[in-house]
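Let me begin by presenting the structure, written as structure tokens, before commenting on it.
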Amino acid sequence: MSVPGIDLARIRVILLDIEGTATPVEFVYEVLFPYARANLEKFLSDHTGDPRIRQIVASLLEQRKTDIDASRALPPWISGTFQSETASAADYALWLMDHDSKLGSLKLLQGLIWRHGYESGRLAGQVYPDVPGAFDRWQAQGKEIAIYSSGSELAQKLLFGSTEFGDLTPHISRFFDTQIGAKRDVSSYRRIATELYGSADSFLFLSDVVEELDAARSAGMKTALVIRSAKDSAFASEHPMIQTFDSLV
């Protein structure tokens, strides 16, 4: 099956968003985020001696100063003891999550909490059923598969490494998170293209977010809007639209 506007034969790299594209939105919002919220303060408290955690807490405090300057109502930050600082960092991290922050240190913290959940067997990654077959097919066609998500590289690897279809990470050549740049910035996609091949027009970016697709297209990439929900199938877009990866053969 071909998709109008996409010549798959010319594509060398398929770049994928995760949430709503390769993974159900419900898994992120009903499983991953609640797990991180429920375990956040205990995880920080249990790992206060870990240099990475100390660095994350310091980063959160720096970001909080920026939010104060923006006159935003914030939870209090009480310094003086590990306990008070840990509780303050947890409250502020929850506030950031409530405001859908893409702060790198917050995403790393979430990834570390999720790793504990995956390793304990309390979490297992979820992907749409068409994903494993598409990965096999695209690799057989000589294409590279890369991921670009606001979630940390660690979180991405944990998700794809623990699905009901097995470990899918061997199919994926690169994982990109917001360290490469924000997902709605044209420059982020240019950097990704440069790091892999340098020729953006050999990329196909798949996402359920039009603004991300607009940025990728402005960088020279081919794009397709992924519509996983039947209720969104009537959505109008300038980007080619697909409902399943089976459309890309």
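If a residue must be in contact (Cβ under 8 Å) with a residue 60 or more places away in the chain, hydrophobic (A, V, I, L, M, F, W, C), assigned to a helix (DSSP H, G or I) and farther than 27 Å from Asp46 by Cβ, how many such residues does segment 112-143 contain?
Here the count works out to 3.
When the residues of segment 228-240 are narrowed to those that are closer than 17 Å to Tyr128 by Cα and touching a helix residue (DSSP H, G or I) at 6+ places or on another chain (Cβ under 9 Å), which ends up modelled with the highest pLDDT?
Arg228
One residue is enough: does segment 64-84 have a residue meeting the conditions part of a helix (DSSP H, G or I) and touching a residue at least 40 places away in the same chain (Cβ under 8 Å)?
Among the residues of segment 64-84, not one is part of a helix (DSSP H, G or I) and touching a residue at least 40 places away in the same chain (Cβ under 8 Å), which makes the answer no.
Mind listing whichever residues of segment 164-202 are assigned to a loop (DSSP other than H, G, I, E, B) and either under 14 Å from the mean Cα position of the chain (by Cα) or on the phi > 0 side of the Ramachandran plot (or both)?
Asp177, Thr178, Gln179, Ile180, Gly181, Ala182, Lys183, Arg184, Gly198 - these are the residues of segment 164-202 that are assigned to a loop (DSSP other than H, G, I, E, B) and either under 14 Å from the mean Cα position of the chain (by Cα) or on the phi > 0 side of the Ramachandran plot (or both).
So if I check each of Ala216, Ala224, Ala155, which one is farther than 28 Å from Trp114 by Cα, among the aliphatic types (A, V, I, L, M) and in a helix (DSSP H, G or I)?
Result of the check over Ala216, Ala224, Ala155: Ala216.
The values are calculated or read from the model by the stated rules, or taken from the named source; none is laboratory data. Treat the numbers as computed from the prediction; the structure is a model and nothing was measured. Reconstructed Cβ throughout: ideal geometry from the backbone, glycine too, with neighbour counts over all protein chains shown.
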